[in-house]
Amino acid sequence: MILSLRMAWRNLWRHSRRTWLTATAMIFSNVLLVFMISLQFGSYDMMINNTLQAFSGHLQVQEPGYNENPKMRASVPDVESLRDRLAARLPAARLAARATAFALASSEQRSLGIQVIGVQPGLEAGVSTIPGLVRQGRYLDDGGAAEIVIGAVLARNLKVSLGEEITLLGSGHDGSFAAGVVTVAGIFESGSVDMDRSFAEVPLDYFQDIFAMGERGHSVAIALDDLDAVDPAVTRIEEALGEGSGLAVLDWNALHPGLKQA
């Protein structure tokens, strides 16, 4: 064994130039491989972050089971106060309360089923890209005015433009008939046909009024700076909620089960 090693060592340095070239090539290829793997993982994290920052956030607090079966009655009591309480425990995060309903949107010419999101206008930009994607008009103002922002495809399908009215019809939190007339304040283009076709936002205060929500909502969306901050944030949120809160903390894996595999 020792003799074989000696012979191999002598053979390596018998042609030292060839040996150095081979060693250099091996080192370079390994360094390049490590760099490419690191770059690939970095791009994965960037893609995931971009997806989460588009709307859902890295975390959400909601009723257990709501993500799988979003019912109006599966609501969070005093959702804005909950948002403020969690924000105090997560000073580096961005949080916003939301409520969601499915409704019939009617213009003078057409009626379509849409998803209506009640948002806190002054906070929504921290957890979603929608406020920055308004291409016509403006985003919502705080104060609970009867106004709405809709996707460009939805505006085209309903044949409405800025300043025109849309009637919303749906079912309230208590099972009552919900109805409201809103003015189109802005039209956004997200780049997603599905979102631009069936997605609309109104002020949370107005949403709570017409859908008989009281102070309730359906979720608190939480956006963080990176994926590494998710687990520590979950711990802080669970501590803030305490035992017996009846609320679930969903991380991005739970919100988007297929995102990590993709």
### Summary
Picking from GLY191, GLY214, GLY122, the residue that is closer than 26 Å to ASP225 by Cα and either aliphatic (A, V, I, L, M) or part of a loop (DSSP other than H, G, I, E, B) (or both) would be GLY191
### Summary
Checked region 176-228 for anything under 28 Å from GLU164 (Cβ atoms) and of a type in the set (Val, Ile, Thr); matches are VAL181, VAL182, THR183, VAL184, ILE187, VAL193, VAL202, ILE210
### Within region 144-164, considering residues that are in contact (Cβ under 8 Å) with a residue 40 or more places away in the chain and more than 25 Å from the chain's Cα centre (by Cα), the one surrounded by the fewest Cβ atoms within 10 Å (Cβ to Cβ)
LYS159
### Message
Looking at VAL234, VAL181, VAL160, VAL193, can you tell me which residue is in contact with a helix residue (DSSP H, G or I) (Cβ under 7 Å, 6 or more places away or on another chain) and of a type in the set (A, V, I, L, M)?
### Response
VAL193
### Message
Please verify whether ASP196 is out of contact with any Cys (no Cβ under 8 Å at 6 or more places or on another chain), acidic (Asp, Glu) and closer than 23 Å to LEU104 by Cα, treating the condition exactly as stated.
### Response
yes
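Just so you know, all these numbers are worked out from the coordinates, no wet-lab data involved. The model shown is predicted, which means the values in this text are computed figures rather than measured ones. Using ideal geometry, Cβ is built from the backbone for each residue, glycine included, and neighbour counts are taken over all protein chains shown.
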